[in-house]
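A.B. asks: Pasting a structure here, questions to come.
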Amino acid sequence: MASFTLDEIAKATGGRLLVKGASSFVTGVSTDTRTIREGELFIALSGENFNGHEFLKRAVLSGAAAVVISDESYGKDLDPSVSVFLVKDTKQALEDVAHFHRMRFQVPVIGVTGSNGKTTTKDMITALLSTRFNVCATQKNFNNEIGLSMTLLSMTEKMEVCVVEMGMRGFGQIAELCRIASPTMGVVTNVGTSHIGILGSQDNIAKAKKELIDALPDDGTAILNGDDPRVSAMGEGFAGRVIRYGLAGRYTVRGSDVKYEAEDTRYTCTCFDEAFKVKLHLLGVHNVYDALAATAAARVLGVDTGKIRTALSDFRPATQRQSIMEIGGLTVIDDSYNANPLSMEMAFRSAKQVPGKRYFLVLGDMGELGKFEEKLHYDTGKKAAELGFDGLITVGPLCRFLAKGAEQGGMKEVITCDTCEEAASHLLKLVSDGDVVLVKGSHYMHMEKIPEILRGALEKNGK
């Protein structure tokens with residue numbers, strides 16, 4: 001747990017000490033009064049729909065030893081035993097104390113970004129490194145400035161490696177995350193079309209992702225997907241070590257002989273001229289790419305291939321990320337955590353890896369595609385038809401374009417719905433024992449409701 005003296009808080013944030021309280025230090029940093037603990041520093045974050053300053057008194061009652069504010073009027077009438085710091089921007093103050101704490105540790109910090117697969121890759125890297133090191137890592141996919149800062153603040157003297165996921169919605173955001181984390185290694189998985197509505201083109205998305213590589217030190221390591229031309233090009237001109245991975249070239253880390261089974265994917269990994277067999281309890285070639293990236297990171301830091309092979313075999317994805325479940329005779333693949341056009345196609349191909357009589361899709365809208373949203377939904381529907389799915393049920397207004405693409409691609413059973421409940425009702429009329437159902441959509445569509453509704457309905461009918 002991160003501890004700071006009052007002088008260190010002032011130094012890190014450039015803040016002015018308005019009130020010097022009873023304690024000369026804090027242990028722990030919090031932005032949430034629901035979880036704050038006694039003796040911690042409370043930073044009053046503010047946003048469009050909330051103002052952390054309104055919870056200052058609650059933070060003090062819960063035992064905060066010091067608070068950081070950006071509005072001096074809120075610092076009045078607080079318990080005088082609590083220290084009060086005034087800064088221009090409390091979010092910046094959080095980032096500053098996180099960076100200050102990170103720089104206390106001379107350990108590898110690995111930044112992971114990409115349009116798809118960054119959470120799974122981060123989790124895989126963590127699993128592989130944990131076979132040898134004490135690892136601090138981003139929880140879930142808390143990959144913005146706040147989540148990354150809290151990850152860094154959780155570092156302790158026992159931690160030997162830190163793995164942080166880096167998300168972005170526009171230019172400069174990954175650069176800001178790198179300013180906080182000072183990564184020594186950068187992993188870029190791919191450049192897709194997520195956030196294309198904001199950035200306008202895949203070339204711009206690549207430029208924004210490259211901010212991670214640009215931030216690495218001259219003795220740092222860039223781990224890049226060699227099969228993605230935009231990612232591979234990020235290594236050009238980089239002064240440090242560049243390691244490329246993939247399936248289509250003679251890279252430092254490469255996969256070959258990929259074989260797809262009912263619930264597994266097998267391949268041969270060649271890493272620094274050492275070859276070994278890998279069995280992943282995951283579906284799809286995209287997970288092979290994620291595993292290759294993780295293998296590269298682990299080998300650079302000295303994890304032996306035996307431990308890598310075992311850890312990959314033991315790895316399981318997070319909830320709502322390709323979770324395979326049997327529900328009343330159906331095989332349901334819950335991949336509902338999020339979606340974009342590239343991850344949709346990957347999920348389609350993975351679903352066909354599962355043995356089944358017929359294959360159905362239940363898909364929700366994909367967000368953040370801007371002016372391209374109609375075309376990208378339509379193209380995704382065409383791809384679903386091309387891959388031979390037996391039926392499609394969509395949820396949401398944008399997915400009506402996806403449905404149109406599927407119909408014009410030749411898919412005969414296509415149903416459009418407005419709600420998950422409606423979609424589940426139609427699905428129950430279509431499916432029978434032995435069928436495979438893939439559920440996917442952007443997080444805000446809450447497509448995870450579909451498996452829950454199916455389970456409830458089928459259990460009610462005694463299945």
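Residues checked against (1) at positive phi; (2) of a type in the set (A, V, I, L, M); (3) in a loop (DSSP other than H, G, I, E, B); (4) assigned by TED's automatic domain parsing to the domain that holds Cys271:
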residue: Cys178; (1), (2), (3), (4): no, no, no, yes
residue: Ile198; (1), (2), (3), (4): no, yes, no, yes
residue: Lys207; (1), (2), (3), (4): no, no, no, yes
residue: Asp214; (1), (2), (3), (4): no, no, no, yes
residue: Asp219; (1), (2), (3), (4): no, no, yes, yes
residue: Ala222; (1), (2), (3), (4): no, yes, no, yes
residue: Ser232; (1), (2), (3), (4): no, no, no, yes
residue: Gly237; (1), (2), (3), (4): yes, no, yes, yes
residue: Ile243; (1), (2), (3), (4): no, yes, no, yes
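A.B. asks: Within segment 170-190, can you find the residues that are under 18 Å from Lys122 (Cβ atoms) and either modelled with pLDDT under 95 or small (Gly, Ala, Ser) (or both)?
C.D. replies: Passing the criteria: Ala181, Ser182, Gly186.
A.B. asks: Determine whether Asp290 is surrounded by fewer than 22 Cβ atoms within 10 Å (Cβ to Cβ), acidic (Asp, Glu) and at pLDDT 95 or above.
C.D. replies: No; evaluated as a whole, the condition is false for this residue.
A.B. asks: Of the residues Glu165, Glu145, Glu160, which is charged (D, E, K, R), in the same structural domain as Val253 (by TED's automatic domain parsing) and over 17 Å from the mean Cα position of the chain (by Cα)?
C.D. replies: After applying the criteria, what remains is Glu160.
A.B. asks: Got at least one residue in segment 118-141 being assigned by TED's automatic domain parsing to the domain that holds Thr295, among the aromatic types (Phe, Trp, Tyr) and in contact with a helix residue (DSSP H, G or I) (Cβ under 9 Å, 6 or more places away or on another chain)?
C.D. replies: No, segment 118-141 contains no residue that is assigned by TED's automatic domain parsing to the domain that holds Thr295, among the aromatic types (Phe, Trp, Tyr) and in contact with a helix residue (DSSP H, G or I) (Cβ under 9 Å, 6 or more places away or on another chain).
A.B. asks: Here's a follow-up. Gly410: at positive phi, in contact with a helix residue (DSSP H, G or I) (Cβ under 7 Å, 6 or more places away or on another chain) and either modelled with pLDDT of 95 or more or not assigned by TED's automatic domain parsing to the domain that holds Val354 (or both), yes or no?
C.D. replies: In short, yes.
A.B. asks: Is one or more of the residues making up segment 162-173 assigned to a helix (DSSP H, G or I) and among the acidic types (Asp, Glu)?
C.D. replies: No, because not a single residue in segment 162-173 is assigned to a helix (DSSP H, G or I) and among the acidic types (Asp, Glu).
A.B. asks: To continue, here is another question. How many residues are in a helix (DSSP H, G or I) and either out of contact with any helix residue (DSSP H, G or I) (no Cβ under 8 Å at 6 or more places or on another chain) or more than 17 Å from Asp32 (Cα to Cα) (or both) when one looks only at segment 55-73?
C.D. replies: 8
A.B. asks: Do we have Lys279 as closer than 22 Å to Ala339 by Cβ, touching a helix residue (DSSP H, G or I) at 6+ places or on another chain (Cβ under 8 Å), in contact (Cβ under 8 Å) with a residue 12 or more places away in the chain and of a type in the set (D, E, K, R) here?
C.D. replies: When the stated conditions are applied, Lys279 does not pass them.
A.B. asks: Just one of Asp290, Asp335 is under 16 Å from the mean Cα position of the chain (by Cα) and not assigned by TED's automatic domain parsing to the domain that holds Ile415; which is it?
C.D. replies: When all the criteria are applied, what remains is Asp290.
A.B. asks: Given the conditions (1) among the β-branched types (Val, Ile, Thr); (2) in contact with a strand residue (DSSP E or B) (Cβ under 9 Å, 6 or more places away or on another chain); (3) surrounded by fewer than 23 Cβ atoms within 10 Å (Cβ to Cβ), report the number of the one that Val332 does not fulfil.
C.D. replies: With respect to (1) among the β-branched types (Val, Ile, Thr); (2) in contact with a strand residue (DSSP E or B) (Cβ under 9 Å, 6 or more places away or on another chain); (3) surrounded by fewer than 23 Cβ atoms within 10 Å (Cβ to Cβ), Val332 is out only on (3).
A.B. asks: Could you identify the single residue in Thr265, Thr270 that is in contact (Cβ under 8 Å) with a residue 24 or more places away in the chain, of a type in the set (S, T, N, Q) and not assigned by TED's automatic domain parsing to the domain that holds Arg349?
C.D. replies: Thr265
A.B. asks: Run down Lys357, Lys382, Lys352 and say which single residue is assigned by TED's automatic domain parsing to the domain that holds Asp433 and in contact with a helix residue (DSSP H, G or I) (Cβ under 6 Å, 6 or more places away or on another chain).
C.D. replies: Lys382
The values are calculated or read from the model by the stated rules, or taken from the named source; none is laboratory data. All of these numbers come straight from a predicted model, not from anything done at the bench. Quick reminder, even Gly has a Cβ in these numbers, built from the backbone with ideal geometry, and neighbours come from all protein chains shown.
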